[in-house]
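Each remark here refers to the structure printed beneath this line.
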Amino acid sequence: MRLAVTTTRGGDERGDADMGASDAEPKVPNRFRAAVVSARSASVGPASTLSTALDDAVKAMANGAWTGGSSGDLEDLLTSWSTTCQNASTGAMDEFDDALRAQPEMVESSSWQAHWRPWPR
């Protein structure tokens with residue numbers, strides 16, 4: 001759909017243009033923001049899975065699934081990886097939220113957000 005913008009310019013005796021609401025560019029939905037909303041929604045499940053991916057292994061080690069030898073080292077490693085997964089999950093969702101906070105829902109029709117297209121997959 002193509003939007004036409006018409007303006008009317010009036011002025012006073014000094015030649016100042018009347019910059020009323022009719023001179024404003026029309027607002028359209030922010031296509032980039034919509035894509036971020038969609039990507040965030042699609043990422044909630046995988047982020048949750050990532051966040052809890054190693055919980056069972058950590059719990060099993062804490063409950064004595066393997067003792068002796070280097071079991072303590074493995075438990076420490078699993079706990080570290082679990083923390084990394086949780087931080088990555090939270091960080092990814094935070095990045096989406098930060099991007100959304102920075103983008104208005106409506107933008108001028110000539111803005112890059114109004115014309116944004118995702119890369120073909």
Every residue from the range 83-121 that is among the aromatic types (Phe, Trp, Tyr) and over 17 Å from residue 43 (Cα atoms): 112, 116, 119
Within the range 53-89, considering residues that are surrounded by 13 or more Cβ atoms within 10 Å (Cβ to Cβ) and among the hydroxyl-bearing types (Ser, Thr, Tyr), the one farthest from residue 39 (Cα to Cα): 71
Test: residue in the range 24-43 that is assigned to a loop (DSSP other than H, G, I, E, B), surrounded by fewer than 12 Cβ atoms within 10 Å (Cβ to Cβ) and without any contact (Cβ under 8 Å) to a residue 40 or more places away in the chain: yes
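Values quoted throughout were computed directly from the atomic coordinates according to the rules given, and no laboratory measurement underlies them. For clarity, every value in this text was computed on a predicted model and none was experimentally measured. Cβ atoms come from the backbone with ideal geometry, glycine included; neighbour counts cover every protein chain shown.
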